[in-house]
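Down below is the structure, laid out as structure tokens.
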Amino acid sequence: MASETLTSTDYIKHHLTNLTFGKHPDGSWGLAHNAAEAKAMGFWAIHLDTMLFSILLGVFFLYYFHKAARKATAGVPSGLQNFVEWIVDFIDNSVRGSFAGGKNDVVAPLALTIFLWVFLMNLMDLIPVDWLPWVTAQVASNGFGADPHSVFLKVVSTTDPNATFGMAISVFLLMIYYSIRIKGIGGFIGELTLHPFSSKNMLVQALFIPVNFFLEFVSLIAKPVSLALRLFGNMYAGEMIFILIAIMYGAGLVLGTFGGVLQLGWAIFHILVITLQAFIFMTLTIVYMDMAHQTSH
């Protein structure tokens, strides 16, 4: 459904631009009308599409799990209850296998929330790239025939680094909080300064402190960065492939048909990708929380 009025480059740029609200150079606030305006809005601009779809999917997840819990029965379970119990058992087994740092009632609900929320956001990647922009364009114009490329709308929140870094930083802050809570300020500082190099000689140990701090600090900061970039990079690449395939629909019957076959094949394979990325984000979160609870050092 690639627009015939756009070049391939314009089409790609359009689909990689968020619906952005921010401050214009003249001091007024409003929506960006192109990628250049969105970039000029700077740090305080808000990606409305990322916020909208991530919040809606979060509410969707909470609603159905609350519904399943409210209607849960010890008798013959409904299909929804069966599904929820299967997911909960899967998360519980994952936590038991990766979290050995003691007891924390936050870890399992956190893992459940992260896995399903990230999975749902990733799942939006299977919606054809022009469908929701087309619907939005019709609603915005109060009629039919509007060009979907008059609307900026990225429906996959995890292709926005703001979303992935937001989640990764939240996990990082929890990790820091529990590290200090479990080990104390002294224990936390000790982890950053007394390892990996140590010596019984106090003078030599003092010389090791700056080196240890540099190595451990880099390792600490790398955790949220790698967590965010791994999810963002994989989902961004997957979305780009769908966009490139969509361009083929405007290149004639033969290429359009071939594009349809490619899209089906990539969508089937991508189901594995979106599930794997949600699982990896959840597993690393559990591992980082486990590390925060370890007191062996």
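Looking at this structure, is residue 243 β-branched (Val, Ile, Thr) and at pLDDT 95 or above? When the stated conditions are applied, residue 243 does not pass them. Of everything listed in (1) within 26 Å of residue 125 (Cβ to Cβ); (2) touching a Ser or Thr at 6+ places or on another chain (Cβ under 6 Å), the single unmet condition for residue 209 is (1). For region 73-88, the set of residues classified as of a type in the set (Val, Ile, Thr) and more than 13 Å from residue 116 (Cα to Cα) consists of 73, 76, listed by residue number.
Before we move on, is residue 156 among the hydrophobic types (A, V, I, L, M, F, W, C), modelled with pLDDT of 90 or more and surrounded by 16 or more Cβ atoms within 10 Å (Cβ to Cβ)? Here the answer is yes, as residue 156 does meet what is asked.
When the criteria are applied in full, residue 46 fails the requirement of being out of contact with any strand residue (DSSP E or B) (no Cβ under 8 Å at 6 or more places or on another chain), within 30 Å of residue 155 (Cα to Cα) and touching a residue at least 12 places away in the same chain (Cβ under 8 Å). The residue list 163, 206 contains one member that is farther than 30 Å from residue 105 by Cβ, out of contact with any Lys or Arg (no Cβ under 6 Å at 6 or more places or on another chain) and part of a helix (DSSP H, G or I), which is 206.
The condition (being among the aliphatic types (A, V, I, L, M), in a helix (DSSP H, G or I), buried (at least 17 other Cβ atoms within 10 Å of the Cβ) and at pLDDT below 90) is satisfied by just one residue among 282, 248, 235: 248. Under 6 Å between Cβ atoms, at least 6 apart or on separate chains: pull out the pairs that start in region 186-202 with a residue that is farther than 12 Å from residue 217 by Cα and end on any residue that is part of a helix (DSSP H, G or I) and of a type outside the set (D, E, K, R). Hits for this filter: 197/208; 197/212; 199/205.
Scanning region 166-186 for residues that are exposed (fewer than 14 other Cβ atoms within 10 Å of the Cβ) and either assigned to a loop (DSSP other than H, G, I, E, B) or not β-branched (Val, Ile, Thr) (or both) turns up 173, 177, 181, 184, 186.
Here is a yes/no grid of residues against (1) of a type in the set (D, E, K, R); (2) under 16 Å from the mean Cα position of the chain (by Cα); (3) within 23 Å of residue 160 (Cβ to Cβ):
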position	(1), (2), (3)
39	yes, no, yes
56	no, yes, yes
61	no, yes, yes
69	no, no, no
78	no, no, no
94	no, no, no
123	no, yes, yes
130	yes, no, yes
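Within region 119-144, the set of residues being in a loop (DSSP other than H, G, I, E, B), touching a helix residue (DSSP H, G or I) at 6+ places or on another chain (Cβ under 8 Å) and at pLDDT below 80 comprises 144 only.
The values are calculated or read from the model by the stated rules, or taken from the named source; none is laboratory data. Owing to the predicted nature of the structure, the values given are computational and were not obtained by experimental measurement. Note that we place each Cβ from the backbone using ideal geometry, even for glycine, and neighbour counts take in every protein chain shown.
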